[in-house]
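The values are calculated or read from the model by the stated rules, or taken from the named source; none is laboratory data. Because the structure is predicted, anything quoted here is derived from the model rather than measured. Methodologically, a virtual Cβ is constructed for each residue, glycine included, from the backbone with ideal geometry; neighbour enumeration extends over all protein chains shown.
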Amino acid sequence: MDHEYSALFQSYDHFRNISPKNGSYTTPLSGVPLRKDLDKFRGCLIGGAVGDALGYPVEFLSEPELFERFGATGISSYVFLDGLARISDDTQMTLFTANGLLFGFTRGCMRGIMAPYTSYLANAYREWYKTQILSSPITSKFNCSWILNVPKLYAERSPGDTCMEVLRGDYTGTPEDPVNFSKGCGGVMRVAPIGLYFGEYHPLAADMLGADAAALTHGHELGYIPAAMLVHIIRLISHSREITLKEAVLDARVAMEVLFAGRKHLPAFLQRMDQAVTLSETDGDDLTAIHALGCGWSGDEALAIAVYCALKYSGDFDRAITAAVNHRGDSDSTGAITGNILGAYLGLSGIPQKYLENLELRDLILELAEDLYDDCPLRSSSDPQNPSASRWYDKYVSVTYGK
């Protein structure tokens, strides 16, 4: 995001009124230079899709069923349907998060003014909802998501009841005015693009935007605080090759203490994150550790399992992702979040080739990752003449790309 236009996001900090009263916000990594890395952007979104696709076939299996079907070590390679490793609603919603961010900022670039990012994200999520109930692309002239023009996204993939219930209605929530009291993991599993897109600017506001994005549908503190922490972790590790994953996790912990000081469920959340870090440093059995952290159905449990797996196997994407999905809980979400984290940390180059082959919508996922990295080339005074600018206009202004 250009410095010239970063004020469009600075206004979000003012809008949310989230700066600490003493005017300072420091963590151990405050001031560390950050610079975006295309390999890490690609790795984050592809990694999330990999974990999602690996865990999706076993999401609702008991552990006896899982290990009887796939052997003593559990599932370790894709289950193909029609030749593809299918993604679930987790990756679908992640793509709509990316599209909503890019549509909103492009409007700001073209017009010099924009609504809060959450309004664009809410619209994008409602458009995702349509892909779960319709069988073919819709023809409305008022879409904000060009990916609605992708026929293969029109596939019902076990969407969360909370997301579906909220998004079929007219109202979404905020942390201050919750739409419900759901703490399901459907809020955290979709916010990784926020950490990618706002990596170089405004860490406090970027984290809070993650919370606000989750709170659109999940009003419990344990539904939206994990989203803020995931954004913080992704922001750091996708923009630096010097920051270790553990440093990023601990830095995010400090940030959550600042952002959500006084919140009722913050101590329990931080205790679970500390437990995940401690367990990752032991030689214990992965399944036993994951049972201690939960099943992953709630946001805090899903993030804790992902943090445990990513930290324990921070240099080995394969081992981390298989540990993350072989349990009795929400396997696709814990796999997706683990994949987001380690994909951002290791980059696309660190993901084994076997996971890149026959991954559903792989090219679309890479295209959204590259758009987040490239950012808007349009300005209010510009006329899209070159192919790149013209393509961007078709995606994020006219929303006609792919029709």
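A few comments on the model shown:
- Pair list, Cβ under 6 Å, 6 or more apart: the range 243-271 residue surrounded by 15 or more Cβ atoms within 10 Å (Cβ to Cβ) and in a helix (DSSP H, G or I), other residue at pLDDT 95 or above and of a type in the set (D, E): F269/D300
- Residue match in the range 209-216 (condition: surrounded by fewer than 24 Cβ atoms within 10 Å (Cβ to Cβ) and part of a helix (DSSP H, G or I)): no
- Search result, residues across the range 58-117 that are closer than 27 Å to A227 by Cα, of a type in the set (D, E, K, R) and in a helix (DSSP H, G or I): D89, D90, R107
- Scanning the range 274-332 for residues that are among the aromatic types (F, W, Y) and touching a residue at least 40 places away in the same chain (Cβ under 8 Å), we see that the one that is nearest to L346 (Cα to Cα) is F317.
- Residue in the range 341-357 that is nearest to the chain's Cα centre (by Cα), counting only those that are surrounded by 19 or more Cβ atoms within 10 Å (Cβ to Cβ) and farther than 17 Å from A53 by Cα: A344
- If you go through the range 386-403 and keep only what is basic (K, R) and assigned to a loop (DSSP other than H, G, I, E, B), you end up with just K403.
- Once the range 228-242 is narrowed to residues that are outside any helix (DSSP H, G or I) and closer than 15 Å to S30 by Cβ, the residue that is farthest from the chain's Cα centre (by Cα) is E242.
- Flag for G186 being without any contact (Cβ under 8 Å) to a residue 40 or more places away in the chain, under 25 Å from G55 (Cβ atoms), out of contact with any Asp or Glu (no Cβ under 7 Å at 6 or more places or on another chain) and not hydroxyl-bearing (S, T, Y): no
- Total residues in the range 132-148, condition assigned to a loop (DSSP other than H, G, I, E, B) and either within 15 Å of S88 (Cα to Cα) or of a type in the set (A, V, I, L, M) (or both): 2
- Residue among G173, G186 that is in contact with a Ser or Thr (Cβ under 8 Å, 6 or more places away or on another chain), at pLDDT 95 or above and under 17 Å from Y56 (Cβ atoms): G186
- Beta carbons closer than 9 Å, at least 6 apart along the sequence or on distinct chains, pair a first residue in the range 149-168 that is at pLDDT 95 or above and assigned to a helix (DSSP H, G or I) with a second that is of a type in the set (D, E) and surrounded by 13 or more Cβ atoms within 10 Å (Cβ to Cβ) for K152/E360; C163/D89.
- Options P33, P20; residue that is at pLDDT 50 or above, part of a loop (DSSP other than H, G, I, E, B) and farther than 30 Å from N326 by Cα: P33
- Residue in the range 272-293 that is surrounded by 23 or more Cβ atoms within 10 Å (Cβ to Cβ) and in contact with a His (Cβ under 7 Å, 6 or more places away or on another chain) present: yes
- Any chance E156 is surrounded by fewer than 19 Cβ atoms within 10 Å (Cβ to Cβ), under 25 Å from Y56 (Cβ atoms) and acidic (D, E): yes
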